[in-house]
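Visitor: Structure in structure tokens, see below.
The values are calculated or read from the model by the stated rules, or taken from the named source; none is laboratory data. Since we're looking at a predicted model, the values are computed, not measured. Cβ atoms come from the backbone with ideal geometry, glycine included; neighbour counts cover every protein chain shown.
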Amino acid sequence: MNAPILSVKGLKTHFRLSAGLLKKSAKVVHAVDGVSFDLMRGETLSIVGESGCGKSTVGRSILRLVQPTEGEVILDGRRVDNLSQAAFRPLRKQLQVVFQDPFSSLNPRMKVRDIIAEPIRNFGILASEREIAARTRELLAKVGLPSDAGDRFPHQFSGGQRQRIGIARALAAEPEIIICDEAVSALDVSVKAQIVNLLVDLQSELGLALLFISHDLAIVEHMTHRVAVMYLGSIVETATRRQLFATPKHPYTQALLSAVPVPNPDEKRERTILKGEVPSPISPPSGCRFHTRCPLAFDRCSVERPQLSDVGEGQMVACHLYIDTKVSATAGAVA
Ligand code: SF4
């Protein structure tokens, strides 16, 4: 059996807020609070959820842009969350990122060819300047940009073109994983589709694993293999694309999907409007974190935190409704 290229086990990333002149630690933001998943080679796993659910912090914790508080990140069989930044730096070659805002993530003073050549030089992939120039032109062509694009600066490109430059820069390191952090969220609908198609093509050509962090379920439905749904720092459901979009189990997933526009005007979908606001990650609710907004909550939900459990064919759900159903179904069968 293939080993995952990336494993995240019990990841927690908490931020301490300091208060007052004495900088006494007062409150803790539970941005990520016990997240586990595997990413296989050549696979796309999408992490979805509302803004503030912690999905981007998961990506940043894996990249060590923020330091995880607890848990393990295992990259190609090697634990990396406890390495020093210096020891981790060479391993970043395997793990690249494309951010939401390509403009702020591209150095405005560098020509595009230098932006793309930077990782090639930094990771010592090629030594001769002639080879680096040829590789840069090849990468520009791979992401659908003309070879003279290398002579220009980032501000001379549209948002979609800048995102192509960001992808070329990520590919230049010859990674095995690309983390796409809301990589298409800021783009127009048609450009969004072009960039997603480019990522899918590159994945099948190069065998990349993609961790696709997004709030846009309509896009995710068209390009992912598996989905993990996050709410308030935790994963509440993981499923294959088919399972999630055909038979969503968790009440939060069902509410999210009910808000996705349907292309067919004759198809009616009943929208579930969630009550209230997402609670603060500084003082998350007891028990199931979704109980303050869940239309199906019952007594146990505010007391006991449900664990992710397999509800069939590998679909994992953290909800007492399914754990109870499973227990009673098993009890019925035994009786
Ligand atoms: Fe709703 Fe309870 Fe399930 Fe949480 S455990 S999703 S509150 S029914």
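Visitor: State the number of residues belonging to segment 237-251 that are surrounded by fewer than 23 Cβ atoms within 10 Å (Cβ to Cβ) and assigned to a strand (DSSP E or B).
Guide: Residues meeting the conditions: 1.
Visitor: If you check LEU139 against the conditions, is it closer than 30 Å to VAL8 by Cβ, in contact with a Lys or Arg (Cβ under 9 Å, 6 or more places away or on another chain) and at pLDDT 95 or above? Give the derivation first.
Guide: On the way: closer than 30 Å to VAL8 by Cβ: yes; in contact with a Lys or Arg (Cβ under 9 Å, 6 or more places away or on another chain): yes; at pLDDT 95 or above: yes.
For LEU139, the condition - closer than 30 Å to VAL8 by Cβ, in contact with a Lys or Arg (Cβ under 9 Å, 6 or more places away or on another chain) and at pLDDT 95 or above - is met.
Visitor: Can you say whether ALA149 is of a type in the set (A, V, I, L, M, F, W, C), crowded, with 18+ Cβ neighbours inside 10 Å and part of a helix (DSSP H, G or I), as far as the supplied structure shows? Can you show your working first?
Guide: Values: of a type in the set (A, V, I, L, M, F, W, C): yes; crowded, with 18+ Cβ neighbours inside 10 Å: yes; part of a helix (DSSP H, G or I): yes.
Yes: the conditions hold for ALA149.
Visitor: Does segment 190-204 hold any residues that are closer than 18 Å to THR224 by Cβ and not basic (Lys, Arg), and which are they?
Guide: Initially, segment 190-204 is screened for residues closer than 18 Å to THR224 by Cβ, giving 192-204.
Hits for segment 190-204 are ALA193, GLN194, ILE195, VAL196, ASN197, LEU198, LEU199, VAL200, ASP201, LEU202, GLN203, SER204.
Visitor: Using beta carbons and a limit of 7 Å, which pairs, at least six apart or on different chains, have the first residue in segment 298-321 and over 20 Å from VAL35 (Cβ atoms) and of a type in the set (Gly, Ala, Ser) and the second one near the ligand (Cβ under 8 Å from one of its atoms) and part of a loop (DSSP other than H, G, I, E, B)?
Guide: SER302/GLY287; SER302/HIS291
Visitor: Taking the criterion of being closer than 21 Å to ARG164 by Cα and not hydrophobic (A, V, I, L, M, F, W, C), would at least one residue in segment 19-39 satisfy it?
Guide: Let us first name the residues in segment 19-39 that are closer than 21 Å to ARG164 by Cα, namely none.
Within segment 19-39, not a single residue is closer than 21 Å to ARG164 by Cα and not hydrophobic (A, V, I, L, M, F, W, C).
Visitor: For segment 240-269, give me each residue that is more than 15 Å from the ligand (Cβ to nearest atom) and in contact with a strand residue (DSSP E or B) (Cβ under 7 Å, 6 or more places away or on another chain).
Guide: Selection gives THR240, ARG241, LEU244.
Visitor: While we're on this one: Being among the acidic types (Asp, Glu) and either on the phi > 0 side of the Ramachandran plot or modelled with pLDDT of 95 or more (or both) is true for just one of GLU182, GLU205. Which residue is that?
Guide: Numbers: GLU205 fails: either on the phi > 0 side of the Ramachandran plot or modelled with pLDDT of 95 or more (or both).
On inspection, the qualifying residue turns out to be GLU182.
Visitor: Anything in segment 67-101 that is part of a helix (DSSP H, G or I) and farther than 16 Å from ALA172 by Cα? List them, or say none. Step through it out loud before you land on a result.
Guide: Residues of segment 67-101 part of a helix (DSSP H, G or I): 85-93.
Once the filter is applied, which keeps residues that are part of a helix (DSSP H, G or I) and farther than 16 Å from ALA172 by Cα, segment 67-101 yields GLN85, ALA86, ALA87, PHE88.
Visitor: Where residues in segment 275-307 are within 9 Å of the ligand (Cβ to nearest atom) and of a type in the set (S, T, N, Q), which of them is surrounded by the most Cβ atoms within 10 Å (Cβ to Cβ)?
Guide: My answer is THR292.
Visitor: Based on this model, can you work out whether GLN194 counts as under 30 Å from GLU174 (Cα atoms) and part of a helix (DSSP H, G or I)? Working first, answer last.
Guide: Working: under 30 Å from GLU174 (Cα atoms): yes; part of a helix (DSSP H, G or I): yes.
The answer is yes for GLN194.
Visitor: From ARG130, ARG164, grab the single residue that is of a type outside the set (Ser, Thr, Tyr) and in contact (Cβ under 8 Å) with a residue 24 or more places away in the chain.
Guide: Of ARG130, ARG164, the one residue that is of a type outside the set (Ser, Thr, Tyr) and in contact (Cβ under 8 Å) with a residue 24 or more places away in the chain is ARG164.
Visitor: Can you name the residue in segment 187-236 that is among the small types (Gly, Ala, Ser) and surrounded by 18 or more Cβ atoms within 10 Å (Cβ to Cβ) and, of all such residues, is farthest from GLY49 (Cα to Cα)? Steps first, please.
Guide: Our first condition is that a residue be among the small types (Gly, Ala, Ser); within segment 187-236, this holds for 190, 193, 204, 207, 209, 214, 218, 228, 233-234.
Checking the rest, the ones that are also surrounded by 18 or more Cβ atoms within 10 Å (Cβ to Cβ) come to 209, 214, 228, 233-234.
Details: ALA209: 20, SER214: 7, ALA228: 9, GLY233: 10, SER234: 10 Å.
Among those residues, the one meeting the criterion is ALA209.
Visitor: Outside the structural domain of ALA173 (by TED's automatic domain parsing) and either closer than 27 Å to PRO4 by Cβ or surrounded by 12 or more Cβ atoms within 10 Å (Cβ to Cβ) (or both): does that describe GLY144?
Guide: Values: outside the structural domain of ALA173 (by TED's automatic domain parsing): no; either closer than 27 Å to PRO4 by Cβ or surrounded by 12 or more Cβ atoms within 10 Å (Cβ to Cβ) (or both): yes.
Taking the combined requirement at face value, the residue does not satisfy it.
Quick grid of which residues meet (1) under 22 Å from TYR231 (Cα atoms); (2) touching a residue at least 24 places away in the same chain (Cβ under 8 Å); (3) in the same structural domain as CYS180 (by TED's automatic domain parsing); (4) outside any loop (DSSP other than H, G, I, E, B):
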| site | (1), (2), (3), (4) |
| --- | --- |
| GLU50 | yes, yes, yes, no |
| CYS53 | yes, yes, yes, no |
| SER61 | yes, yes, yes, yes |
| ARG113 | no, yes, yes, yes |
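Visitor: Picking from GLY144, GLY150, GLY160, which residue would you name as being under 26 Å from the mean Cα position of the chain (by Cα) and farther than 23 Å from GLU176 by Cβ? Reasoning before the result, please.
Guide: Numbers: GLY144 fails: farther than 23 Å from GLU176 by Cβ; GLY150 fails: under 26 Å from the mean Cα position of the chain (by Cα).
On inspection, the qualifying residue turns out to be GLY160.
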